[in-house]
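These notes concern the structure reproduced below.
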Amino acid sequence: MNEAATRLLGLEGVSVTQVKDDGAGGSTVYVVTSEDSARACPSCGVFATRLKDYRTTRPRHLPCGGRPVSIRWRKARWYCAEPACERGSFTEAIHAVPAGMRTTTALRRAAGAAVCDGSRTVVQAGRDLSLSWPIVQRCFEDYAATVLPETPPATEAVGIDETRRGKPVWAQNPATQKWELVADAWHIGFVDAIGGQGLFGQVEGRNATSVADWLSSQPASWRAQVRYVAIDLCSTFRAAVHRALPHATVVVDCFHIVQLAQRHLADLRRRLTWRQHGRRARKGDGIYTVRKLLRRNKEDLTEDQRLLLKTELEYMGTYGRQIHAAWQAKELLRDLLGLAVSRTHHAPDRSAISAARHRFFTHVADHAHLHELLTLAETIEQWWDGIETYLTTGITNAASEGNNRLIKLEARNAFGFRNRANQRLRSRCATTRRSRRQAHPH
């Protein structure tokens, strides 16, 4: 027996007897069984004493020292010593190479880890380890079942957001002859909003029932610990949260508030530009010159840019002053959001929040003839409880947006998914890699 070669091979339960060069850049390793428990009958557990014959198998294993390894395992077949056992004979099997397997446990685990932890596609992992796609896929599913928790980890804040999966799938009902939705184009993701633990799960369908059913299906102890739920300005999500988590507080993501203000400002600019010129803005128009400056933050503009913005809008006359008023409303709203604890790093002053809110609504009231500003103010009023919670807690839905980016990247790397369950599993593995590495550093 070669003890050093046995340790390098890394297969418990076998011993290396000989190593040869296969002439193709690899090694042929001859092994025999060294584990006594391999003689135990898999049916009754009685140790066999009567040898039947020998068989040589070729289980595939990981490369060793950068060289491919071909194993030749000479294992014995035994007669079962228990007369009452239905199994007459059996072949030796060990944990490293289970019965009926043509690959070692180490190889299968490496294949699963390459997809789950190494962000490789199934095809690439199969090429690297010389395995077929179905084998690597099964190895990935088995590995993911061992490393992913069955229930979501405990957290105080959950983020909910949707991401587009692809095209919806419809099928015609033969009984009613009506087309029914089989698979929705949207996946709703539930993530840890503050702890960085990644994606908890996904469901199909952008509706309140799907969201509420997933939340209600979680353990009661997990639901009781959730205090905040971060969402965008989606009334569907809010209704689902109130139904499944009545004790939790909804937090509105600040990014979507500013995005909404920018959208209303752009709609106002287009409407007034068309009213003044009877066409879209083009090069040479004052509004065309400052259209990008209107999207910029006030603190990011230089003095020259501010002067240019004011001058060009004043030159437009009444319509230009109205556009400038809308830009000021957007900046007043940003001043209000800037009082959040995550930006000031201290508890927000209630009087400062009230004063900033009053300035915004007063400015909108002074320009009540601009319906885009009225719509924005009405939305802020309807969602004020969630906005105020953001100001006092600083919780955002940035984790959901980051996970959506990883989900889309995983889909692009795989050139798309046909199996939606497989996509959800791959997405969950991709978004939890960082937290799993921190929990189990190598």
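Test of understanding: what is the full-extension gain from HIS367 to ASP213, defined as 0.36 nm times their sequence separation minus their Cα-Cα distance?
Values: separation 154, 0.36 × 154 = 55.44 nm, distance 4.36 nm.
Contour length minus Cα-Cα distance gives 51.1 nm.
Using unit Cβ charges (K, R positive; D, E negative) and no other charged atoms, how large, in debye to the nearest 20, is the dipole of the chain about its Cα centre?
Once rounded to the nearest 20, the dipole reads 1540 debye.
Under a straight-distance cross-link criterion of Cα-Cα below 27 Å, which lysines are reachable from LYS330, leaving out those fewer than 8 residues away in the same chain?
The qualifying lysines are LYS283, LYS292, LYS298, LYS310.
Which angle between 0 and 90 degrees, to the nearest 10, do you get for helix 133-147 versus the longest principal axis of the chain when only C-alpha atoms count?
Taking the Cα atoms of the chain, the angle to 133-147 is about 70 degrees.
For the pair CYS85 and SER34, what calculated FRET efficiency results from E = 1/(1 + (r/R0)^6), where r is the Cβ-Cβ distance and R0 = 30 Å, to the nearest 0.05?
That pair, SER34 with CYS85, gives E of 0.75.
In the chain, if the dipole is taken from +1 on Lys/Arg beta carbons and -1 on Asp/Glu beta carbons about the Cα centre, which of VAL169, VAL250, GLY195 is farthest to the positive end?
Farthest towards the positive end: VAL169.
Restricting to DSSP loop positions (anything but H, G, I, E, B) with no more than 13 other Cβ atoms inside 10 Å of their own Cβ, which GluC sites (Glu not before Pro) remain in the range 78-176?
When the GluC sites (Glu not before Pro) of the range 78-176 are filtered for loop state and at most 13 Cβ neighbours within 10 Å, GLU86, GLU150 remain.
When the Karplus curve 6.51 cos²θ - 1.76 cosθ + 1.60 is applied with θ = phi - 60°, which whole-Hz ³J(HN,Hα) does each residue of the range 230-241 get, with x for Gly and Pro?
8, 9, 8, 7, 10, 5, 5, 5, 5, 5, 5, 5
Rank SER43, HIS358, TRP222 by how far each Cα sits towards the positive end of the charge dipole of the chain (+1 on Lys, Arg Cβ; -1 on Asp, Glu Cβ) and give me just the farthest.
It is SER43, whose Cα lies furthest towards the positive end.
By the scheme Lys and Arg +1, Asp and Glu -1, what is the net charge of all other residues having a beta-carbon under 13 Å from that of TRP383? Write out the running numbers ahead of the final one.
Values: positive: ARG238, ARG357; negative: ASP232, ASP253, GLU378, GLU381, ASP385, GLU388.
Within the 13 Å Cβ shell, the charges total -4.
Cα convex hull of the range 123-276: mean projected area in nm², to one decimal?
15.7
Could you tell me the calculated FRET efficiency between ALA175 and TYR288, based on Cβ-Cβ distance and R0 = 45 angstrom, to the nearest 0.05?
Calculated value: 0.20.
Expressed as cubic angstrom per residue, what is the convex hull volume of the alpha carbon set of the chain?
Dividing the Cα hull volume of the chain by its residues yields 268 Å³.
Take the Cα of ASP21, step 7 Å along the line toward its Cβ, and report every residue of the range 65-98 whose backbone nitrogen sits under 20 Å from that point.
65-72
Expressed in nm to one decimal, what extension gain is obtained for the pair GLU299 and GLN262 from 0.36 nm per residue of sequence separation less their Cα-Cα distance?
11.7 nm
Where a Cα-Cα gap under 18 Å defines reach, which lysines qualify for LYS75, not counting those fewer than 8 residues away within the same chain?
Filter leaves LYS52.
Quick one: dipole size for the range 221-358, taken about the Cα centre, charges +1 on Lys/Arg Cβ and -1 on Asp/Glu Cβ, in debye to the nearest 20.
Here the range 221-358 has a charge dipole of around 600 debye.
No value in this document is a laboratory result; all are computed from the given coordinates. Worth saying up front: this structure is predicted, and the values here are computed from it rather than measured. For neighbour counting, all protein chains shown are included, and Cβ atoms are generated from backbone atoms with ideal geometry for every residue, glycine included.
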